[in-house]
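Undergrad: Can you keep this structure in mind? I'll have questions shortly.
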Amino acid sequence: MSVPVLEIERLNKSFQTPKTVVTALSGIDLKVQEGEFITVIGPSGCGKSTLLKIVAGLDLAYEGSVKLSDKEVAGPGIDKGFIFQEPRLFPWLTVEKNIAADLSLRNPEVRKKVDSLIELVKLQGFEKAYPRELSGGMAQRVAIARALLRNPKVLLLDEPFGALDAFTRAHMQEVLLDIWQHNRTTMIFVTHDIDEAIFLANRIVILKPRPGSIRGIVPVTLPYPRKKATTSFQSLRLKVLDEFERLEETEYVDRAGL
Amino acid sequence: MSIEQAELRLPPAAVPPAPPIGDTRTGSIQAIVKKPASGWKSIVIDTAIGAALPVLIVALWQWAAERGWTNPLFFPAPDVIADAFGSLISSGELFHHLGISVWRALIGFVVGGSVGLLLGLLSGLSRKAEYVLDPSLQMLRTVPHLAIAPLVLLWFGFGEQSKIVIIALGAFFPLYVNTFVAIRNVDNKLFDVAKVLAFGRAKLLFRLVLPAALPGILLGVRLSLALSWIGLVVAELIGSQSGVGFLINLGKQTSATEDIFVGVIIFAIVGKLVDSFVRLLERKLLHWRESFEG
Ligand SMILES: Nc1ncnc2c1ncn2[C@@H]1O[C@H](COP(=O)(O)OP(=O)(O)O)[C@@H](O)[C@H]1O
Ligand SMILES: [Mg+2]
């Protein structure tokens with residue numbers, strides 16, 4: 001096996017609140033290979049966002065080790081792309097300028113890459129549009145292009161399609177797979193939608209709450225493009241659901257013990 | 001002072017095109033400016049509708065004056081005022097004094113406004129600067145700046161300096177307050193984006209903070225200009241040998257009430273024009289904002 005692009009070892013993270021200490025993540029171990037598509041799934045509050053923020057270098061107060069390309073993550077940087085649930089575009093900039101952000105479109109190299117990314121995320125004709133003129137899905141595609149322009153080693157997506165309607169969401173999943181197959185960018189994609197997790201992933205990381213830890217990792221070997229209606233897809237779905245049900249049982253026991 | 005105090009409570013992002021509270025001089029010109037796409041015909045119609053009431057009042061006034069129902073010393077007839085207008089223009093006096101007034105207001109605005117903008121940026125960008133500057137400035141802000149006009153005259157005499165200082169004092173606070181608030185209200189979520197994209201310090205300032213704060217800063221500019229103009233009127237009325245305020249004072253001394261009216265009308269027109277100009281500027285610079293689609 002090749003060297004992992006991302007290596008998380010014995011990661012613990014707790015939040016100090018005025019009253020108590022909340023353990024958000026406990027004993028996370030995860031190796032991600034280059035070009036892999038990982039989805040992270042788990043109930044709300046189990047630490048998915050916290051994990052992603054730590055990998056992004058947005059939160060440095062943790063125990064353990066998080067290495068990107070064998071280097072300890074020391075802070076945010078363009079080698080770690082981040083997509084938030086909302087597109088978070090600069091409302092005063094056009095689509096192409098949003099993608100360029102702090103870079104200048106007058107630089108021919110930037111110009112060329114922005115143009116090809118606009119094609120990749122299927123936004124031709126909207127280069128000069130302002131964010132308010134875009135639909136939610138289009139805006140999120142701009143955000144993805146903005147992150148990809150910087151050639152990140154890993155793209156971190158925190159429930160990026162969570163706010164979209166079902167049709168747009170399905171379309172965005174296909175667009176994202178297109179991008180991935182084209183660019184081979186390593187993806188870590190947080191979701192709480194089981195279908196979405198299976199549709200996209202090479203491996204599904206299932207998190208359980210209190211404290212947030214890895215419940216199991218389900219490899220998905222179905223060939224792309226996947227069809228949600230097939231029996232193999234559905235049996236995988238049951239397998240993941242089964243993990244969750246067991247998870248709920250243990251939760252129940254936990255609470256009864258309190 | 002009530003103008004900028006009222007504005008302070010509103011986040012600048014939410015304020016946009018609504019006329020500032022206390023600003024009563026928003027009328028037909030704004031209506032024209034706001035609907036650029038609706039074409040010539042509707043502009044003419046809008047103007048006609050907006051002008052109907054003033055025209056009616058002036059006509060009634062003229063009619064009453066001709067019947068001798070009004071005292072010409074208090075209410076000179078519109079045609080008398082128009083004549084005064086004509087003679088002040090043809091003698092060159094009007095534009096001479098108007099030029100002086102505009103120049104004073106401009107200098108005062110530039111001095112007070114730029115210091116306000118600078119300190120607003122400083123306080124907005126740095127907590128340390130905020131702790132040092134803001135408490136004192138907030139305290140000073142509660143003093144109506146026109147109330148200290150006599151003090152300014154005492155310190156700087158009756159020359160140009162005191163006028164500029166009075167105008168600058170008025171221009172300072174709206175720009176300071178609105179710049180400060182606008183910077184502090186920049187969306188934190190966008191700061192996260194800037195972090196993730198690894199913006200440098202300069203890029204953070206010029207590509208995020210300033211563009212995001214621009215609507216608030218422009219609102220400050222508009223309020224500053226309005227207060228500069230009010231400061232000018234006060235400064236010139238208190239004592240001056242030139243300017244539109246001087247024309248008004250002269251009219252009072254010589255009982256030429258129509259000249260007073262001319263001065264007041266000029267103050268109103270220029271004030272309105274300045275306001276419309278900044279609104280135009282806002283439309284140009286903030287065209288990305290939804291609220292400007294109308
Ligand atoms: N800044 C914070 N301060 C205190 N507790 C936090 C903070 N951020 C997250 N938490 C807690 O950590 C846990 C995980 O949160 P989060 O990572 O947002 O979960 P998820 O994204 O899976 O819904 C939650 O219990 C949450 O209350
Ligand atoms: Mg979350």
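Undergrad: Given the conditions (1) closer than 30 Å to residue A:54 by Cα; (2) in contact (Cβ under 8 Å) with a residue 40 or more places away in the chain, report the number of the one that residue B:228 does not fulfil.
TA: Evaluating residue B:228 over (1) closer than 30 Å to residue A:54 by Cα; (2) in contact (Cβ under 8 Å) with a residue 40 or more places away in the chain leaves (1) as the failure.
Undergrad: On to the next question. Of the residues that make up the stretch B:241-251, is at least one open to solvent by 10 Å² or more (accessible area, probe 1.4 Å), away from chain A (no Cβ under 14 Å), outside any helix (DSSP H, G or I) and more than 17 Å from residue B:271 (Cα to Cα)?
TA: yes
Undergrad: Follow-up question, since we're still on this one. Consider the stretch A:188-214. How many of its residues are closer than 17 Å to residue A:52 by Cα, away from ligand 2 (no atom under 16 Å from the Cβ) and in contact with a helix residue (DSSP H, G or I) (Cβ under 6 Å, 6 or more places away or on another chain)?
TA: 1
Undergrad: For the stretch A:101-133, enumerate the residues that are of a type in the set (A, V, I, L, M, F, W, C), more than 10 Å from chain B (Cβ to nearest Cβ) and either surrounded by 19 or more Cβ atoms within 10 Å (Cβ to Cβ) or more than 28 Å from residue A:57 (Cα to Cα) (or both). Spell out the reasoning first.
TA: So the first thing to find is which residues in the stretch A:101-133 are of a type in the set (A, V, I, L, M, F, W, C), and the list is A:101, A:103, A:105, A:110, A:114, A:117-118, A:120-121, A:123, A:126, A:129.
From the residues that got through so far, the ones that are more than 10 Å from chain B (Cβ to nearest Cβ) too are A:105, A:110, A:114, A:117-118, A:120-121, A:123, A:126, A:129.
Listed by number, the residues that qualify are A:114, A:117, A:118, A:121, A:123, A:126, A:129.
Undergrad: Among the numbered conditions (1) more than 16 Å from residue A:213 (Cα to Cα); (2) away from ligand 1 (no atom under 12 Å from the Cβ); (3) open to solvent by less than 70 Å² (accessible area, probe 1.4 Å), tell me where residue A:17 comes up short.
TA: (2)
Undergrad: For residue B:284, indicate whether it is at pLDDT below 90 and over 28 Å from residue B:157 (Cβ atoms). Reasoning before the result, please.
TA: Values: at pLDDT below 90: yes; over 28 Å from residue B:157 (Cβ atoms): yes.
Judged against the criteria, residue B:284 is a match.
Undergrad: I need the full set of residues from the stretch A:176-192 which are within 16 Å of ligand 1 (Cβ to nearest atom) and either open to solvent by 40 Å² or more (accessible area, probe 1.4 Å) or in contact with a Cys (Cβ under 9 Å, 6 or more places away or on another chain) (or both), in order please.
TA: Filtering the stretch A:176-192 for residues within 16 Å of ligand 1 (Cβ to nearest atom) gives A:188-192.
A:192, the sole residue that qualifies.
Undergrad: Within the stretch B:169-178, is even one residue closer than 18 Å to residue B:209 by Cα, among the aromatic types (Phe, Trp, Tyr) and within 20 Å of the chain's Cα centre (by Cα)? Show your work before the answer.
TA: So the first thing to find is which residues in the stretch B:169-178 are closer than 18 Å to residue B:209 by Cα, and the list is B:175-178.
Now narrow it down to the ones that are among the aromatic types (Phe, Trp, Tyr): B:176.
Then drop every residue that is not within 20 Å of the chain's Cα centre (by Cα), which leaves B:176.
Checked against the condition, which is being closer than 18 Å to residue B:209 by Cα, among the aromatic types (Phe, Trp, Tyr) and within 20 Å of the chain's Cα centre (by Cα), the stretch B:169-178 yields at least one hit.
Undergrad: Those residues that are open to solvent by 10 Å² or more (accessible area, probe 1.4 Å) and among the basic types (Lys, Arg), I need them from the stretch B:179-223; list them, please.
TA: Hits for the stretch B:179-223 are B:184, B:189, B:195, B:201, B:203, B:207.
Undergrad: Restricting the search to the stretch A:88-114, which residues are farther than 13 Å from residue B:197 by Cβ and either among the β-branched types (Val, Ile, Thr) or in a loop (DSSP other than H, G, I, E, B) (or both)?
TA: A:91, A:92, A:94, A:95, A:104, A:105, A:106, A:107, A:110, A:114
Undergrad: Now, a different point. From the list A:147, A:163, which residue is open to solvent by 40 Å² or more (accessible area, probe 1.4 Å) and either within 14 Å of another protein chain (Cβ to nearest Cβ) or modelled with pLDDT of 95 or more (or both)? It would help to see each step written out before you state the result.
TA: Values: A:147 fails: open to solvent by 40 Å² or more (accessible area, probe 1.4 Å).
After ruling out the rest, the residue left standing is A:163.
Undergrad: Hey, can you tell me all the residues within the stretch A:85-100 that are of a type outside the set (Asp, Glu) and either open to solvent by less than 10 Å² (accessible area, probe 1.4 Å) or more than 7 Å from chain B (Cβ to nearest Cβ) (or both)? Break it down stepwise before answering.
TA: Going residue by residue through the stretch A:85-100, those that are of a type outside the set (Asp, Glu) are A:85, A:87-95, A:97-100.
Of everything in the stretch A:85-100, those that are of a type outside the set (Asp, Glu) and either open to solvent by less than 10 Å² (accessible area, probe 1.4 Å) or more than 7 Å from chain B (Cβ to nearest Cβ) (or both) turn out to be A:85, A:87, A:89, A:90, A:93, A:94, A:95, A:97, A:98, A:99, A:100.
Undergrad: Can you work out which of the residues in the stretch A:61-84 that are within 26 Å of residue A:162 (Cα to Cα) and within 16 Å of ligand 1 (Cβ to nearest atom) is nearest to the other protein chains (Cβ to nearest Cβ)?
TA: From the stretch A:61-84, those within 26 Å of residue A:162 (Cα to Cα) are A:76-84; that's our starting set.
Filter again for within 16 Å of ligand 1 (Cβ to nearest atom), leaving A:82-84.
On the way: A:82: 4, A:83: 9, A:84: 7 Å.
So, considering only residues that are within 26 Å of residue A:162 (Cα to Cα) and within 16 Å of ligand 1 (Cβ to nearest atom), the one nearest to the other protein chains (Cβ to nearest Cβ) is A:82.
Undergrad: If you don't mind, another one. For the stretch A:148-176, which residues satisfy the criterion of being of a type in the set (A, V, I, L, M, F, W, C) and either without any contact (Cβ under 8 Å) to a residue 60 or more places away in the chain or within 16 Å of ligand 2 (Cβ to nearest atom) (or both)? Even if it seems obvious, please write down each step before you answer.
TA: Here is the first cut: in the stretch A:148-176, the residues of a type in the set (A, V, I, L, M, F, W, C) are A:148-149, A:154-157, A:161, A:163-164, A:166-167, A:170, A:172, A:175-176.
Once the filter is applied, which keeps residues that are of a type in the set (A, V, I, L, M, F, W, C) and either without any contact (Cβ under 8 Å) to a residue 60 or more places away in the chain or within 16 Å of ligand 2 (Cβ to nearest atom) (or both), the stretch A:148-176 yields A:149, A:156, A:157, A:161, A:163, A:164, A:166, A:167, A:170, A:172, A:175, A:176.
Undergrad: Go through the stretch B:167-221 residue by residue and tally those that are within 20 Å of residue B:123 (Cβ to Cβ) and away from chain A (no Cβ under 14 Å).
TA: Of the residues in that region, 19 qualify.
Undergrad: I would also like to ask the following. Can you tell me which residue among A:11, A:25, A:58, A:6 is away from ligand 1 (no atom under 16 Å from the Cβ) and touching a helix residue (DSSP H, G or I) at 6+ places or on another chain (Cβ under 8 Å)?
TA: On the way: A:11 fails: away from ligand 1 (no atom under 16 Å from the Cβ); A:25 fails: away from ligand 1 (no atom under 16 Å from the Cβ); A:58 fails: away from ligand 1 (no atom under 16 Å from the Cβ).
None of the others qualify; the one that does is A:6.
Undergrad: Find the residue count for the stretch A:39-82, including only residues that are away from ligand 2 (no atom under 16 Å from the Cβ), aliphatic (A, V, I, L, M) and assigned to a strand (DSSP E or B). Break it down into steps so the answer makes sense when it comes.
TA: Step one: list which residues in the stretch A:39-82 are away from ligand 2 (no atom under 16 Å from the Cβ), which gives A:57, A:60-81.
Checking which are aliphatic (A, V, I, L, M) leaves us with A:60-61, A:66, A:68, A:73-74, A:78.
From the residues that got through so far, the ones that are assigned to a strand (DSSP E or B) too are A:66, A:68.
Looking only at that region, the number is 2.
Undergrad: Also, I was wondering about something else. Among the residues of the stretch A:34-51, which ones are away from ligand 1 (no atom under 12 Å from the Cβ) and open to solvent by less than 30 Å² (accessible area, probe 1.4 Å)? I'd like the intermediate steps shown before the answer.
TA: Step one: list which residues in the stretch A:34-51 are away from ligand 1 (no atom under 12 Å from the Cβ), which gives A:34-39.
Scanning the stretch A:34-51 gives A:35, A:36, A:37, A:38, A:39.
Undergrad: Applying the selection to the stretch A:152-175, what residues are within 22 Å of residue A:33 (Cβ to Cβ) and within 16 Å of ligand 1 (Cβ to nearest atom)?
TA: In the first step, residues of the stretch A:152-175 are kept if they are within 22 Å of residue A:33 (Cβ to Cβ); the result is A:152-158, A:160, A:173.
Across the stretch A:152-175, the qualifying residues are A:156, A:157, A:158, A:160.
Residues are listed down the side, and each one gets a yes or a no for (1) small (Gly, Ala, Ser); (2) surrounded by 14 or more Cβ atoms within 10 Å (Cβ to Cβ):
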{"residue": "B:52", "(1), (2)": "yes, no"}
{"residue": "B:61", "(1), (2)": "no, yes"}
{"residue": "B:105", "(1), (2)": "yes, yes"}
{"residue": "B:114", "(1), (2)": "yes, yes"}
{"residue": "B:134", "(1), (2)": "no, yes"}
{"residue": "B:153", "(1), (2)": "no, yes"}
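The values are calculated or read from the model by the stated rules, or taken from the named source; none is laboratory data. The structure presented is a predicted model; accordingly, all values stated were derived computationally and were not measured. Note that each Cβ is placed from the backbone with ideal geometry, even for glycine, and that neighbours are counted across all protein chains shown. In case anyone asks, the SASA skips ligands and DNA or RNA and just uses the protein heavy atoms, side chains included. Shrake-Rupley method; radii C 1.70, N 1.55, O 1.52, S 1.80 Å.
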